[in-house]
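Inspection log for the structure reproduced underneath, given as structure tokens.
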Amino acid sequence: MKDTEKSGKSYEGFTDEERAAMKERAQELKAEARRSPRAKKGKADGEGEVLAKIAEMPEPDRVMAERIHAIVRASAPELAPRTWYGMPAYAKEGKVVVYFTPASKFKERYATLGFNATANLDDGTLWPTSFALTELTADAEARIAALVEQAVS
């Protein structure tokens, strides 16, 4: 008998969505390892993969992801689009700086725009690195553009 059965507690572990994201990341790493060094430097493969992932998203997430993709590409053209755990992401020198998590990915009530530690967002001893998105207004788009520009500065 398992310890969880004895104690009456259940261990759920990773959700189906989390396991799927981890499998997607493993596939991404395998694909990266198979690419030639020349192909790794190009942005074309990553762009196509990101656009394909965006196209698979349900309507509200897809519209938001398309706008965020356009904002990131315009604000920081030096970032290379790629997928990361099956989500649109943008990397500098191979390291993800910013990523978009659609609400549908983990069955959440909002999408997320996140920044990894490589983003230059430091502001004192406390600063946000993840933002909940329910809709993209003109103000939100302007803030995202400014954050992305700051992240790669």
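The values are calculated or read from the model by the stated rules, or taken from the named source; none is laboratory data. Keep in mind it's a predicted model, so treat the numbers as computed, not measured. Here the Cβ positions follow ideal geometry from the backbone for every residue, glycine too, while neighbour counts run over all protein chains shown.
The table for this structure:
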| read-out | value |
| --- | --- |
| Region 65-75: number of residues that are of a type in the set (A, V, I, L, M, F, W, C) and over 13 Å from the mean Cα position of the chain (by Cα) | 3 |
| Count - residues of region 118-153 that are without any contact (Cβ under 8 Å) to a residue 12 or more places away in the chain, part of a loop (DSSP other than H, G, I, E, B) and over 19 Å from Asp61 (Cβ atoms) | 7 |
| Verdict on Lys30 being more than 23 Å from Ala146 (Cα to Cα), assigned to a helix (DSSP H, G or I) and modelled with pLDDT of 95 or more | no |
| Selection status of Thr83, among the polar types (S, T, N, Q) and part of a loop (DSSP other than H, G, I, E, B) | no |
| Residues within region 59-114 that are buried (at least 16 other Cβ atoms within 10 Å of the Cβ), touching a strand residue (DSSP E or B) at 6+ places or on another chain (Cβ under 7 Å) and among the charged types (D, E, K, R), tallied | 3 |
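So that you can scan it fast, the table gives a plain yes or no per residue for (1) at pLDDT 95 or above; (2) under 21 Å from Glu28 (Cα atoms):
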position	(1), (2)
Ser75	yes, no
Thr83	yes, yes
Asp123	no, no
Ala151	yes, no
